[in-house]
Amino acid sequence: MPLSRLLSYRKTLAFRLTLWYAGVFAVSSCIAFLMLYALMTSVFRDRTDQDLLGQAREFSATLASRGLEAAKSLAMIEAQAAGVKKVFFRLLSSRGEVFSSSNMSYWQDIDIRQEAIRELLRERKTVFETVTIPNRKDKVRVLHSLVGTGVILQIGQSMEADSRFIDAFKNIFLVTMALLLALAAGVGWFMARRAVSGLAAVTRTAQEISGGTLDKRVPVGTRGDEIDQLAATFNQMLGRIQALITEIKEMSDNIVHDLKSPITRIRGLAEVTLTTGRGIGEYETMAAGTVEECDRLLDMINTMLMITKAESGVEKLNHEDIDLARLVRDACELLEPVAEDKGLSLTCDTPQTCALVGDRRMIQRILSNLLDNALKYTPAGGAVKISFLEKRGQEVVVAVQDTGIGIPPNDLPHIFERFYRCDQSRSEPGTGLGLSLARALARAHNGDITVTSTLGQGSTFTLILPRNKGT
């Protein structure tokens, strides 16, 4: 495997997770070893202490029943039976002077500690100590016990067997630890690679998307773990991004089309006037047409900006107490002449008052857009009615109903999109932004606009607004 590839693994999440697995395992194993080591040494020490205490009780009983000489003989017999290099015995006076002992040739480096003698005489309790002999690996457990009046017994027992066992345990642990650590690293690498395999799929998909392939999706597994949830969420985000990009492209096409027409008319009017114009009147006509077309363009641009601000939350609402019933009546009075000119019946069915909190200017724009839309697409002899429906708790519901041309079922899901216009509506002037703006402003108030329609019979737009701010 190339060195560069090995070095690249060091930067991967799988490598770091493997190090964590192996590190945690190593630390846990070391803690377990230390605890077991402490337990073993404690058990061995307690067992040795019990042996020494048993021998001290035997000496004390012999001294009490058979005398000092018998105790000396017992010390020699016990030392020879256990082995000169295993056990030694000393009989001391209260001043720490030796008056009898077993063969001490192997134990000559072990001194009599006066501190232990004084502690024994002061506390009248058995004194234990562990002695390390110079130039030897093993240790000696030494007991000082008062076995008779003025007679102190010092017994020492080698801990060589216990030390060898613990050393063997250490060696076995180190070898086992190395093997288990390698196994833990292998298992950790396998688990880490499996855990982050979904991330690799997400990365590959993101790289393909960065190349312009927006229809790619991350495979979602069946385990339902966090990686699968991430993949599903990533796919949802991709779907949303693709939809937004599609909408942006469509909106760009619509903007280009809607900008091209008035600009073309402005240029054509100017070109004709410059070519054939003879008097000031023709130039004034050209200027008036240019102003009219510019106003139409500015209105479209301002409407798009208002929609964008309302949808993004940038547009701050000027909340105030509003009588919605009064606003509805004012809108009807304002558009009554338009209805009369088209031969339409405009009915306004409102309560005396209807209080809510909202932005007066935006709600007026919503009402005027809905009424204007109903009047525009209702043929002569038809009717438009705006009314208040039953109250829904803290919500106010206003319905705008017409007997117009209706909306085809295929177009209903799209009529609130920017620049979207049904085939039947293309004969009427407009930009396709009125309903988009109305719904954006309604949602800025935490409300909404819904629609039901029957082709050839008419449509009903329902405005829902909360009574209080933030409801």
Binning every alpha carbon pair distance of region 118-194 at 10 Å from zero, what are the percents per bin?
-> 15, 25, 19, 15, 12, 9, 4, 1
With every protein chain left in place, what is the accessible area per residue of region 109-161 in square angstrom, probe 1.4 Å?
-> 54
Accessible area expressed per residue, region 278-361, with surrounding protein chains retained (probe 1.4 Å, Å²) = 62
If R0 is 30 Å, what FRET efficiency do you get for GLU119 and ASP167 from their C-beta distance, rounded to 0.05?
-> 0.40
What nm value, rounded to one decimal, do you get for the distance between ILE280 and HIS319 when each label is placed 7 Å out toward the C-beta?
-> 5.7
FRET efficiency estimate (nearest 0.05) - Cβ-Cβ, ARG16 to ILE263, R0 51 angstrom | 0.30
Restraint check, LYS316/LYS376; LYS249/LYS342; LYS309/LYS376; LYS85/LYS170; LYS86/LYS170; LYS249/LYS316, Cα-Cα greater than 32 Å = LYS249/LYS342
Can you pull the percent of region 279-378's accessible area that's carbon plus sulfur, 1.4 Å probe, other chains left in place?
-> 53
How far apart, in nm, are two points set 7 Å out from the Cα along the Cα-to-Cβ line at ASP349 and at PHE190?
-> 7.5
Give me the aspartates and glutamates in straight-line cross-link reach of LYS260: C-alpha distance below 13 Å, same-chain residues under 8 apart excluded.
-> GLU293
Would you work out what percent of the accessible area of region 70-209, with all protein chains in place, is carbon or sulfur (probe 1.4 Å)?
-> 56
D for region 311-456, whole µm²/s, Stokes-Einstein with Kirkwood Rh over alpha-carbon pairs at 25 °C and 0.890 mPa s: what number?
-> 154
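The values are calculated or read from the model by the stated rules, or taken from the named source; none is laboratory data. Computed from a prediction, not measured in an experiment: that's the story for all the values here. Don't worry about glycine lacking a Cβ; one is built from the backbone with ideal geometry, like all the others, and counts go over all protein chains shown. The protein model used for the area step is the full one, side chains on, heavy atoms only, and it has no ligands, DNA or RNA in it. Shrake-Rupley method; radii C 1.70, N 1.55, O 1.52, S 1.80 Å.
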